[in-house]
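**Student:** One structure is given below, represented as structure tokens, and several questions about it will come after.
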Amino acid sequence: MTLKEELLIHHQPLFDVDALEKIYTEREKELVRYVCTTSLFNPDVGCDIFFRETAHPDFGNYYFGVFLDPESGQPMICGADQVEKNVFGMIEWQGEWWYSRYRHDYVSLDDQTFIDGGREYTRFSGKLRSFNLFQGEWYESVDEDNQTLNSVDSIATVRQAQTELLDEMKAWNDHLSS
């Protein structure tokens, strides 16, 4: 079951996502919708992530991100399909689920409830659960027996997969260089 049907996720986008949804939906002639804000390539830079139902005809991606380039300060766009590999630790507060967007994005909800770390680490107080995006929808992270994973287990699994992918990319680059 998706969270969209059951729970409310509180987002803190960087841009006017309603305006961007309208612009990209009109330009692409396909429904484009905002799904989250997170870091992708730089753990300190937030990126508003959007989803479309069909792959982009030129680039093949379903997700794309809009962020401010840290050097120029200009808005940039990037492919963002890798967002489905991320684990989002979220805490529940007053009926909504909250997450930290990027490293050191400290979200304080009251004197005792907070979350921090983005996709880099999870520091929190309160009720923590793990969630993932799949085909533009939010799902609670579960194992093969449909048991809810805690954030620590989920993040460790994803980090291992990311490390393996980076090792493969390095080996491929080394092969191309020789």
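**Student:** Does Arg103 satisfy the criteria of being closer than 26 Å to Phe51 by Cα, modelled with pLDDT of 80 or more, assigned to a loop (DSSP other than H, G, I, E, B) and touching a Gly at 6+ places or on another chain (Cβ under 6 Å)?
**Tutor:** So Arg103 fits the description; yes.
**Student:** How many residues, within region 113-139, are out of contact with any Cys (no Cβ under 9 Å at 6 or more places or on another chain) and closer than 26 Å to Thr54 by Cβ? Show your work before the answer.
**Tutor:** Step one: of region 113-139, the residues out of contact with any Cys (no Cβ under 9 Å at 6 or more places or on another chain) are 113-132, 134-137, 139.
Imposing the further condition that a residue be closer than 26 Å to Thr54 by Cβ reduces the set to 131-132, 134-137, 139.
So the count comes out to 7.
**Student:** From the set of residues in region 106-133 that are touching a helix residue (DSSP H, G or I) at 6+ places or on another chain (Cβ under 6 Å) and not in a loop (DSSP other than H, G, I, E, B), which is surrounded by the fewest Cβ atoms within 10 Å (Cβ to Cβ)?
**Tutor:** Among those residues, the one meeting the criterion is Leu128.
**Student:** Under 9 Å between Cβ atoms, which residue pairs at least 6 apart in sequence (or on different chains) link something in region 115-133 that is at positive phi with a partner that is surrounded by fewer than 20 Cβ atoms within 10 Å (Cβ to Cβ) and polar (S, T, N, Q)?
**Tutor:** Going by the 9 Å Cβ cut-off, the qualifying pairs are Gly126/Gln112; Gly126/Thr113.
**Student:** Within region 35-68, how many residues turn out to be in a strand (DSSP E or B), surrounded by fewer than 20 Cβ atoms within 10 Å (Cβ to Cβ) and either of a type outside the set (Lys, Arg) or out of contact with any strand residue (DSSP E or B) (no Cβ under 8 Å at 6 or more places or on another chain) (or both)? Working first, answer last.
**Tutor:** Here is the first cut: in region 35-68, the ones in a strand (DSSP E or B) are 35-39, 46-52, 63-68.
Among the residues that remain, those that are also surrounded by fewer than 20 Cβ atoms within 10 Å (Cβ to Cβ) are: 52, 68.
Now narrow it down to the ones that are either of a type outside the set (Lys, Arg) or out of contact with any strand residue (DSSP E or B) (no Cβ under 8 Å at 6 or more places or on another chain) (or both): 68.
Total meeting the criteria: 1.
**Student:** Let me ask you something else. Here are some conditions: (1) modelled with pLDDT under 95; (2) assigned to a strand (DSSP E or B); (3) acidic (Asp, Glu). Glu71 meets all but one. Which one does it not meet?
**Tutor:** Among (1) modelled with pLDDT under 95; (2) assigned to a strand (DSSP E or B); (3) acidic (Asp, Glu), Glu71 violates only (2).
**Student:** Mind counting the residues in region 74-94 that are touching a Ser or Thr at 6+ places or on another chain (Cβ under 7 Å), assigned to a strand (DSSP E or B) and surrounded by fewer than 22 Cβ atoms within 10 Å (Cβ to Cβ)?
**Tutor:** 1
**Student:** Any chance you could count how many residues in region 15-34 are under 24 Å from Gly118 (Cβ atoms), part of a loop (DSSP other than H, G, I, E, B), in contact with an Asp or Glu (Cβ under 7 Å, 6 or more places away or on another chain) and without any contact (Cβ under 8 Å) to a residue 24 or more places away in the chain?
**Tutor:** Here the count works out to 0.
Yes/no per residue for (1) modelled with pLDDT of 90 or more; (2) out of contact with any Ser or Thr (no Cβ under 9 Å at 6 or more places or on another chain); (3) more than 24 Å from Pro43 (Cβ to Cβ):
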| residue | (1), (2), (3) |
| --- | --- |
| Ile115 | yes, no, no |
| Thr122 | yes, no, no |
| Gly126 | no, no, no |
| Asn132 | yes, no, no |
| Asp145 | no, yes, yes |
| Asn150 | no, no, no |
| Asp153 | no, no, no |
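The values are calculated or read from the model by the stated rules, or taken from the named source; none is laboratory data. Bear in mind the structure is a predicted one, so any value in this text is a computation, not a measurement. Cβ coordinates were reconstructed from backbone atoms using ideal geometry, including for glycine residues, and neighbour counts include every protein chain displayed.
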